[in-house]
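All remarks here apply to the structure that follows.
The values are calculated or read from the model by the stated rules, or taken from the named source; none is laboratory data. Keep in mind it's a predicted model, so treat the numbers as computed, not measured. A quick note on method: Cβ atoms are made from the backbone with ideal geometry, for glycine too, and the neighbour counts reach across all protein chains shown. Accessible surface is based on the protein model in full, side chains and every heavy atom, while ligands, DNA and RNA are left aside. Shrake-Rupley method; radii C 1.70, N 1.55, O 1.52, S 1.80 Å.
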Amino acid sequence: MLDEVRTPRLVVAGTASNVGKTILTAGLIAAFKARGLTVQSFKVGPDYIDAAYLAHVSGRPCRNLDSWMLGEGALRQVLAQGALGAELALVEGMMGLYDGRGAGIDGSTADVARIIKAPVVLVIDVGSMGQSAAAVALGFKTYAESPKIAGVLLNNVGSEGHWRSVEDAIWDTAKLPVLGALGRIPALDIPQRQLGLLPVTENKEWDRMLGVLAETIARDVDLDLLLRIANKAELVPLVPKKVFLGKVDGGPGVRLAVAYDDAFNFYYPENLELLEEHGAEIVPFSPLQDAHLPQDAAGVYLGGGFPEIFVEPLAKNRSMAESVQRAYRSGVPIYAECGGLMYLGRSLRTDSGTTYQMTGVIPVDVEMDGEIHRFGYRQILTLEDSILSPRGQFYRGHEFHWSRIIPHNGGLKAAYQMQNAEGDVIGYEGFVAPNLLASYVHLHFGQNPLLVDKFVQHCREYAAVRSPS
């Protein structure tokens, strides 16, 4: 096992959200790949959509570095796991550099940069400013001792003259080098959806955009200097507690059906890798296109995504819905997060008011009403024994959804007592049954291997009952 991380690395941070971090990070990955480097991408925080864009460019799974959800030790393990075989690690920040889960900087890009000992490159959108960019750069540089800002990338420069005047002002005032710039290129704007980007699987222009972006970055960004800065990243020691242990000998392997298509694709890579380490054979399936669950599946994992966007084909695929129903009735362990929970309900009503039939595993109805209902980090207390955890355990997760459960007449046990990141109780959430756990909360299994071990063990128990020796 590794005891330290040596991979050269950079954090691409922003002054705020929507300043161009994803575009610039993706362009840097493409430009460095064009030079023949193997690049590993990371995303600060719990975001799945930005991470999918970076993974698409790099050709390697993008890893989430979430210091609040994982803690420092597990976060460094995720860094080490992802960096294996890579020559450069590029980390896209979230929101502004110092924006964390609350009043402090816990969980922020700055916090992650400190933990992974990485230099920071600050992205400033100068589309509506000139000399003021120097004040912004100086403010960020002097706000805190850590992390160290190594330089600045400019986005939305209006002209060569604009670029040079801003560059001179930043150097004169903040003594920070401008490492490159991206001009105003409307064709490179990624469409938005619900406080985020359009998922890469739906962005049919992305591959074309990437070619233009890579050429622009190679021309207008000092890649050689960025590499020298990345090579100055300090060694990152790993704590004795291991997240990834290699193959765990816990019993016979089991087939775990994992929903993966345009409607369901929000998964932390480590969740699937840890399940594999504990004996699960990951078998992807599509609730949109497949007629039934994979043969001999001893468990089902329904991740998040956008089932509301694909609600019509989901509703029309009755054979898959019936297959999921049969699996549940036969005792197959089923774990569902967010979009997966919506799919397991009786019906889903869209913003337009049209109601579509879902699988009917859980006797609740879900509606979209154009409002965001929950968004943020969560602390959860398990109220019942479940296929993932004993009762009385605390975990950290994240939720972000525009749908809500229409009030129902009971009969279902709540899975969690919900707290916000500050520890205030905000209600009860999720549904639990002997072979079911469904919730709006996304969990990163790296925070506690118990989640993985218990889920796989339930799958083994089902497989043993189904096929007794």
Residue order for Tyr377, Tyr343 - accessible surface, 1.4 angstrom probe, largest first: Tyr377, Tyr343
Percentage relative contact order, the chain, counting C-alpha pairs under 8 Å, at least six apart: 13
Reach of Lys43 by Cα under 12 Å, taken over aspartates and glutamates that are not fewer than 8 positions away in the same chain: Asp66, Glu92
Karplus 3J(HN,Hα) series, Hz, for region 423-438 with 6.51 cos²θ - 1.76 cosθ + 1.60 (x for Gly, Pro): x, 7, 5, 10, x, 10, 8, x, 9, 9, 9, x, 10, 9, 9, 9
Positive minus negative residues near His442 (Lys, Arg vs Asp, Glu; Cβ under 10 Å): -1
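Work out how much length Phe375 to Lys316 would gain on full extension: take 0.36 nm times their residue separation and subtract the Cα-Cα distance, in nm to one decimal.
Residue separation times 0.36 nm, minus the Cα-Cα distance, leaves 18.2 nm.
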Rg over Rh [alpha-carbon atoms, Kirkwood Rh] for the chain: 0.99
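Using a Förster distance of 60 angstrom, determine the FRET efficiency expected from the C-beta separation of Ser159 and Asp296, and round it to 0.05.
Working from the Cβ atoms, E equals 0.45.
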Hydrodynamic radius by Kirkwood, which averages 1/r over all alpha carbon pairs of region 277-428, in angstrom: 16.6
Placed amide H near Met94: partners under 5 Å, 5+ positions off or other chain: Val44, Thr109
Cα-derived Rg to Rh of region 140-183, Kirkwood definition: 1.01
Count, lysine Cα pairs under 22 Å in region 102-222, 8 or more residues apart or across chains: 5
Residues Arg404 and Ser146, FRET efficiency given R0 of 51 Å [Cβ-Cβ distance, rounded to 0.05]: 0.80
Cut-off 12 Å between beta-carbons: net charge of the residues surrounding Ala463, Lys and Arg +1, Asp and Glu -1: 0
Global geometry of region 23-111, whether rounded, prolate or oblate, following the gyration tensor of its Cα atoms and the 1.5 cut on a/c: prolate
Two-site FRET efficiency, Ala464 against Gln357, from Cβ-Cβ distance with R₀ of 30 Å, rounded to 0.05: 0.35
Amide H partners (placed H, <5 Å) of Asp106, local residues excluded: Arg101
Inter-label distance for Glu281 and Ala414, nm, one decimal - labels placed 7 Å from Cα along Cα-to-Cβ: 4.1
Value at 222 nm in deg cm²/dmol, rounded to 500, when DSSP H runs of n ≥ 4 in the chain each add -39,500 (n - 2.57): -9500 deg cm²/dmol
Diffusion coefficient, µm² s⁻¹, Stokes-Einstein with Kirkwood Rh over alpha-carbon pairs of region 54-204 at 10 °C and 1.306 mPa s: 93
For Lys413, distant residues with modelled amide H under 5 Å away: Val432
Net charge contributed by nearby residues that have their C-beta within less than 13 Å of Val39 (K/R +1, D/E -1): +3
